[in-house]
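Taking it in order: structure first as structure tokens, then the write-up.
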Amino acid sequence: CLSATRPLSSWPSARSSSSRDRPPRPCISAPRGATGGGLQIQLRGTTSIIGTSEPLYVIDGIPATNVAVPGGTNAISGASTGISSNEDNAANRLADLNPNDIQTIEILKGAAASAIYGSQASNGVVLITTKRGQPGKTRFDVSQQVGVSEVSNLLGMRRFTNVDDAVAAYGAGAADVFQPGVFYDHEKEIAGNKPLSAQTSLSLSGGTDNTRYFASGLYEHDGGVVTNTGYDKQSLRLNLDQQLGTRVKFALSSSVSHTRTRRGVTGNDNNGVGYWAALPYEPTCLNLQQNADGTFPIDPFGRSNTDATAALLKDQTGVYHFLGSVNGSWQVLDGDVNNLVIRVTGGADNFNQLDEVFSSSVLQQEQASATPGTSVQANTTGLNLYVSPTAVWTLSPQGRDFSFTTSVGSNRESVQLNTVRVRARNLVGDQQNINRGTVLDADEDRERTENLSLFGQEEFKLNDLYLVAGVTTDRSSANSDPAKFFVYPKFSGSYRF
């Protein structure tokens, strides 16, 4: 489970929440268990009929994208209309993060705490802080993990005792393929693999009182238990902290990753192409394995041959992902009574995704089509830009047991997402190039959202008593009235006995 571990220094007591606004326990799941799949986290109950229930992810001070862009397998599976569908079993971008780089994870699920982020926090907030260097000698850490994966529970197969049982289940055609005592486990043929998986990670950290650094690298390979599936990831990270004099500090956080995912057709299916959608129509007395000449048998009882689909269908997603942020602070006043700090946080989150789906015209499901052979290419570009200036003034009268801390600031965010998909059918010469299809269609999804928020907060401390009052007001181009500001007030208090 994810748990709160450390509050942010700029909001020391804003995380408190009473049991009255405490939501249900977080729900964390990995969809379908396919290779390269990210996590789905739900901190609160449903807040929208058609909107997402995902929380806001903030990594090293900036909101990060966690979109899951469908790649185009819907063109093969027919789970919905169009080239792509939300049922394409796409991975979200949180999967690009190297988990070995994470120092702390904090969950903001109470209303008073998440009000800091306004409307974007309607589903809660997950704060992720990555590791940073500490003064001292350079420290090297190397980790190597190796393992083997296999299906934990195969569905099993039905062994017919005689030809009459086979005919009763699959019709008169079963008599032509039934052989006493000869059976084929089609599920094991495609998902009986025991691939080797490995992960190599290394890091180095250290520095001086003025300069600190943390660098890491990761190479990961996950073999898929289903034929022709798998996941590969490489990532690099560099975090730097620099002290300029006694009043100015800078902190740089940056990471770049590359992932390649091969997921197969494991999601919803209406065309009988997906592996587990086709298996019920494949009698265990029917041999579907590849012939000596390289061809595959036809399944007369269904729409596809799972052995052929697993071997010949291509479903590949490649992603390059960059996430970087800079946090600068200037200690304007540093006295016993007055303390004033100005902070500026800015960053960018950019990813490029290339999806390739290719269903060869020799496959059974394609031969049944008037335009055999399908190729889909999709290109997605996502860019999030963020900047947040804040000022924090603390008043601590000498000889007094109380203090006031006033915080004001703003957040400005620009989110852009553009996806272009092209599908080609009736491929000439069974070539994958989309310009080799005689039937072409395309679609495009283009989104741009501009968000602006202003916030103010007042904290009062008297010995072990903390009182916090604040307000966040924001507007978004996604609202029906993009010029209207919505107000999110908050109040919280705590006392340590």
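Within the group 324, 294, which residue is open to solvent by less than 40 Å² (accessible area, probe 1.4 Å), more than 23 Å from residue 428 (Cα to Cα) and out of contact with any Pro (no Cβ under 8 Å at 6 or more places or on another chain)?
Values: 294 fails: more than 23 Å from residue 428 (Cα to Cα).
None of the other options fit; the residue is 324.
List pairs: first in the range 470-486 and open to solvent by less than 80 Å² (accessible area, probe 1.4 Å), second in a loop (DSSP other than H, G, I, E, B), Cβ under 7 Å, 6+ apart or cross-chain?
473/485; 474/485; 476/482
Take residue 351 and tell me if it is closer than 30 Å to residue 310 by Cβ, aromatic (Phe, Trp, Tyr) and either more than 23 Å from the chain's Cα centre (by Cα) or modelled with pLDDT of 95 or more (or both). So that I can check it myself, show each step before the final result.
Values: closer than 30 Å to residue 310 by Cβ: yes; aromatic (Phe, Trp, Tyr): yes; either more than 23 Å from the chain's Cα centre (by Cα) or modelled with pLDDT of 95 or more (or both): yes.
The answer is yes for residue 351.
One line per residue, one yes/no per condition, for (1) touching a Pro at 6+ places or on another chain (Cβ under 9 Å); (2) more than 30 Å from residue 468 (Cβ to Cβ); (3) open to solvent by 10 Å² or more (accessible area, probe 1.4 Å):
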{"position": "58", "(1), (2), (3)": "no, no, no"}
{"position": "61", "(1), (2), (3)": "no, no, yes"}
{"position": "70", "(1), (2), (3)": "no, yes, yes"}
{"position": "136", "(1), (2), (3)": "no, yes, yes"}
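Does residue 304 satisfy being open to solvent by less than 40 Å² (accessible area, probe 1.4 Å), part of a loop (DSSP other than H, G, I, E, B), among the hydroxyl-bearing types (Ser, Thr, Tyr) and more than 27 Å from residue 94 (Cα to Cα)? Don't jump to the end; show me each part of the working.
Numbers: open to solvent by less than 40 Å² (accessible area, probe 1.4 Å): yes; part of a loop (DSSP other than H, G, I, E, B): yes; among the hydroxyl-bearing types (Ser, Thr, Tyr): yes; more than 27 Å from residue 94 (Cα to Cα): yes.
Considered against the rule, which asks whether it is open to solvent by less than 40 Å² (accessible area, probe 1.4 Å), part of a loop (DSSP other than H, G, I, E, B), among the hydroxyl-bearing types (Ser, Thr, Tyr) and more than 27 Å from residue 94 (Cα to Cα), residue 304 comes out as yes.
Of everything in the range 406-456 that's open to solvent by 50 Å² or more (accessible area, probe 1.4 Å) and in contact with a helix residue (DSSP H, G or I) (Cβ under 8 Å, 6 or more places away or on another chain), which residue is farthest from residue 81 (Cα to Cα)?
429
Could you tell me how many of the residues in the range 245-272 are hydroxyl-bearing (Ser, Thr, Tyr), within 19 Å of residue 100 (Cα to Cα) and open to solvent by 20 Å² or more (accessible area, probe 1.4 Å)?
Going residue by residue through the range 245-272, those that are hydroxyl-bearing (Ser, Thr, Tyr) are 246, 253-255, 257, 259, 261, 266.
Subset that is within 19 Å of residue 100 (Cα to Cα): 253-255, 257, 259.
In the following step, the residues that additionally are open to solvent by 20 Å² or more (accessible area, probe 1.4 Å) were identified as 254-255.
The qualifying residues number 2.
State which residue is most open to solvent (accessible area, probe 1.4 Å) when the search covers only the range 371-405 and only residues that are farther than 15 Å from residue 455 by Cβ and among the aliphatic types (A, V, I, L, M). Give the derivation first.
First, pick out the residues of the range 371-405 that are farther than 15 Å from residue 455 by Cβ: 371-385, 394-404.
Of the ones still in play, those that are also among the aliphatic types (A, V, I, L, M) are 376, 378, 383, 385, 395.
Working: 376: 0, 378: 0, 383: 54, 385: 77, 395: 49 Å².
Checking each candidate, the answer is 385.
Would you confirm whether any residue within the range 329-347 is free of Cβ contacts under 8 Å to residues at least 24 places away in the same chain and in a loop (DSSP other than H, G, I, E, B)?
Yes, some residue in the range 329-347 is free of Cβ contacts under 8 Å to residues at least 24 places away in the same chain and in a loop (DSSP other than H, G, I, E, B).
Can you tell me how many residues within the range 73-89 are open to solvent by less than 30 Å² (accessible area, probe 1.4 Å) and either out of contact with any helix residue (DSSP H, G or I) (no Cβ under 6 Å at 6 or more places or on another chain) or closer than 17 Å to residue 278 by Cβ (or both)? Working first, answer last.
Taking the range 73-89 as the starting set, the residues that turn out to be open to solvent by less than 30 Å² (accessible area, probe 1.4 Å) are 73-79, 83-85, 88-89.
Within this subset, residues satisfying the condition of being either out of contact with any helix residue (DSSP H, G or I) (no Cβ under 6 Å at 6 or more places or on another chain) or closer than 17 Å to residue 278 by Cβ (or both) are 73-79, 89.
Of the residues in the range 73-89, 8 are open to solvent by less than 30 Å² (accessible area, probe 1.4 Å) and either out of contact with any helix residue (DSSP H, G or I) (no Cβ under 6 Å at 6 or more places or on another chain) or closer than 17 Å to residue 278 by Cβ (or both).
Any residue in the range 223-248 that is farther than 25 Å from residue 148 by Cα and without any contact (Cβ under 8 Å) to a residue 60 or more places away in the chain sitting within a Cβ distance under 6 Å of a residue that is assigned to a loop (DSSP other than H, G, I, E, B) and open to solvent by 60 Å² or more (accessible area, probe 1.4 Å)? List the pairs, counting only those 6 or more apart or interchain.
243/210
Give me the pairs, please: first residue somewhere in the range 454-468 and under 19 Å from residue 391 (Cβ atoms), second residue anywhere and among the acidic types (Asp, Glu) and open to solvent by less than 60 Å² (accessible area, probe 1.4 Å), beta-carbon distance under 9 Å, and either six or more positions apart or on two chains.
From the range 454-468, the pairs are 454/474; 455/474; 468/459.
Residues that are open to solvent by less than 30 Å² (accessible area, probe 1.4 Å), at least 3 per element: which helices (runs of 4 or more DSSP H) completely within the range 143-233 meet that? So that I can check it myself, show each step before the final result.
Details: elements: 163-170, 174-177, 186-191.
Fully inside the range 143-233 and qualifying: 186-191.
The values are calculated or read from the model by the stated rules, or taken from the named source; none is laboratory data. Small disclaimer: the values here were computed from a predicted structure and weren't measured. Note that each Cβ is placed from the backbone with ideal geometry, even for glycine, and that neighbours are counted across all protein chains shown. Remember, those area values only see protein heavy atoms, side chains included, never the ligands or the DNA or RNA. Shrake-Rupley method; radii C 1.70, N 1.55, O 1.52, S 1.80 Å.
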